[in-house]
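Single-structure report; data block below.
The values are calculated or read from the model by the stated rules, or taken from the named source; none is laboratory data. The structure displayed is predicted, hence computed values, not measured ones. Virtual Cβ from ideal backbone geometry, glycine too; neighbours counted across all protein chains shown. Side chains included, ligands, DNA and RNA excluded: accessible areas come from the protein's heavy atoms. Shrake-Rupley method; radii C 1.70, N 1.55, O 1.52, S 1.80 Å.
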Amino acid sequence: SCHGNPELAKKYGLPNVYSLYMDSIHGFALTKDGLLVAATCSSCHGTHKILSHTNPNSRTYRTNIPNTCGSCHAGPRAQYLAGIHGKQMEAGNPKAPVCTDCHTAHQIENPANTNFKALSDQRCGRCHQSRLAHYDETYHGKAMALGRPNVAPAVAACYDCHGSHNIFPVSDPRSLLSKPRIVDTCRKCHPGVGVKFTEYEPH
């Protein structure tokens with residue numbers, strides 16, 4: 001009633017986010033699927049002790065977001081904290097991405113939906129600009145931009161090769177692009193390829 005009222009939002013400087021939430025995967029789960037366990041406003045912001053996202057004690061403070069989201073999404077949280085982004089966040093790197101950088105805060109989409117994949121590379125590219133610029137010049141990048149990546153989801157986005165939550169440096173054997181694993185990663189889209197195929201320059 002406050003965060004969905006344009007007049008109140010304008011008068012008091014409130015974020016007008018109600019409609020964004022209602023159109024999100026959480027909103028649909030609650031209103032269309034009847035899943036009472038779906039995240040609501042209080043799941044993320046709390047109930048009585050609601051603090052500004054700039055307050056380090058807030059559930060929506062940047063470095064607290066993985067734990068807030070992880071209260072429902074324990075598996076992705078564990079993968080994120082084990083990966084390079086989580087390690088960088090815990091080390092105090094203010095540029096390290098957290099859940100909301102990739103998924104947004106209120107207008108959270110199902111990653112299998114049509115729009116998510118097309119936008120994912122641009123989200124990665126906010127931090128990895130030179131990588132994105134070179135990716136855009138490759139076959140994968142051209143197919144993503146000029147083709148229909150959501151109709152043909154086999155077009156490789158960043159996370160198809162690097163992983164989504166479980167991202168590790170290529171030197172780490174756990175990385176999907178490490179020497180022991182890269183052939184299997186390429187084979188997800190290109191069945192039967194060998195080691196020579198992995199010499200392709202994806203960026």
Checklist line | Cα point-scatterer Debye curve for the chain, base-10 log of I(q)/I(0) at q = 0.17 Å⁻¹ | finding: -1.29
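Kirkwood hydrodynamic radius (Cα pairs, Å) of region 86-203? Can you show the working numbers first?
Working: mean 1/r = 0.0650 Å⁻¹.
Final number for the Kirkwood radius of region 86-203 is 15.4 Å.
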Checklist line | Cα coordinate range in region 1-60, projected on the principal axes (Å, largest first) | finding: 33, 29, 16
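What full-extension length gain, to one decimal in nm, is calculated for Leu51 and Thr31 as 0.36 nm per residue of separation minus the Cα-Cα distance? Could the numbers behind the result be given before it?
Values: separation 20, 0.36 × 20 = 7.20 nm, distance 2.64 nm.
The span from Leu51 to Thr31 would gain 4.6 nm if fully extended.
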Checklist line | nm² value of the averaged projected area, convex hull over the Cα atoms of region 1-103 | finding: 7.5 nm²
Next item on the list: Would you mind computing, in nm to one decimal, how far apart the modelled labels at Arg126 and Arg174 are, each placed 7 Å from Cα along Cα→Cβ?
Entry: 2.5 nm
Checklist line | Approximate spin-label separation Asn113-Asp136, in nm, with each point projected 7 Å along Cα-to-Cβ | finding: 2.5 nm
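Order Lys10, Lys188, most accessible first, counting only protein heavy atoms with a 1.4 angstrom probe.
My answer, sorted largest first, is Lys10, Lys188.
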